[in-house]
Amino acid sequence: MTDIKAINIMEKFSLFDKEWTPHIIGELNGQYVKLCKLKDDFVWHSHENEDELFLVFKGTLLIDIKDGKTVEVKEGEMVIIPKGVEHRPHTNGEIVLNLLFEPKSTQHTGDVEDELTVKKLDWI
C-alpha cells in the first residue's frame with residue numbers, strides 16, 4: 001500500500017534558507033512541485049518547452065516580462081508564464097515564499113548559465 005500523507009508546506013519552507021534554490025516536495029504526472037525562497041533579483045531567462053507556474057504563499061513577487069510589462073503576484077495569487085516568454089522574477093527586498101509547478105525536465109534558469117543556476121535539486 002502507498003504511503004499517502006499530507007505535506008505541510010509552511011513546515012517545508014522552514015527547512016531551508018538559501019534563496020533562489022528550489023527544493024522538491026512532490027512529484028506527479030512527470031511534474032515536480034517545488035518550494036523556493038526568493039529575494040531581490042533573479043536572472044532574465046525563458047523556458048523553451050515548458051510553462052512555469054508561480055504560486056505565492058507569502059510576500060509579493062514581481063515578474064518583469066521582456067515586453068516591458070511587470071506582473072505583480074501577491075500572497076495567495078499565482079501566475080503562469082507561458083513557454084518561450086523571457087522573464088525575470090524579483091522582489092522588493094522582502095523574502096517571498098513561492099511554490100513552483102513545472103515538468104521535471106525544466107532547467108532552473110532555462111538556457112542561461114548564471115551563478116544562481118542550480119543544476120541538482122534536493123528533495124525535502
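What ranking do Leu15, Leu38 get, fewest neighbouring Cβ atoms within 10 angstrom at the top? Intermediate values should be presented prior to the final figure.
Numbers: Leu15 11, Leu38 23.
Ranking Leu15, Leu38 by Cβ neighbours within 10 Å, fewest first, gives Leu15, Leu38.
With springs only between Cα atoms under 10 Å apart, run a GNM on the chain and tell me which of Thr70, Thr60, Thr21 wobbles the most.
Comparing Thr70, Thr60, Thr21 in a Gaussian network model of the chain, the most mobile one is Thr70.
As a check on your grasp of the helix formula, calculate [θ] at 222 nm for the chain: sum -39500 (n - 2.57) over DSSP H runs of n ≥ 4, divide by the residue count, round to the nearest 500.
Result for the chain, helices only: -1000 deg cm²/dmol.
For the chain, with a Gaussian network of springs between Cα atoms less than 10 Å apart, report the residue from Asn29, Asn92, Asn49 with the top mean-square fluctuation.
Asn29
To the nearest 20 Debye, how big is the dipole of the chain about its Cα centre, given +1 on the beta carbon of each Lys and Arg and -1 on that of each Asp and Glu?
340 debye
Which of Ser105, Ser46, Ser14 ends up with the largest GNM mean-square fluctuation for the chain, with Cα atoms connected below 10 Å?
Sorting by GNM fluctuation, first place goes to Ser14.
Consider the candidate values (1) 190; (2) 121; (3) 109; state which one is volume of the Cα convex hull per residue in Å³ computed from the structure displayed.
Here volume of the Cα convex hull per residue in Å³ agrees with entry (3).
The numbers here are math on the coordinates, done by the rules we state, and not lab data. What you are looking at is a predicted structure, and each value in this text was computed from that prediction instead of being measured. When we count neighbours, we look across all protein chains shown, and the Cβ atoms used for this are built from the backbone with ideal geometry, even at glycine.
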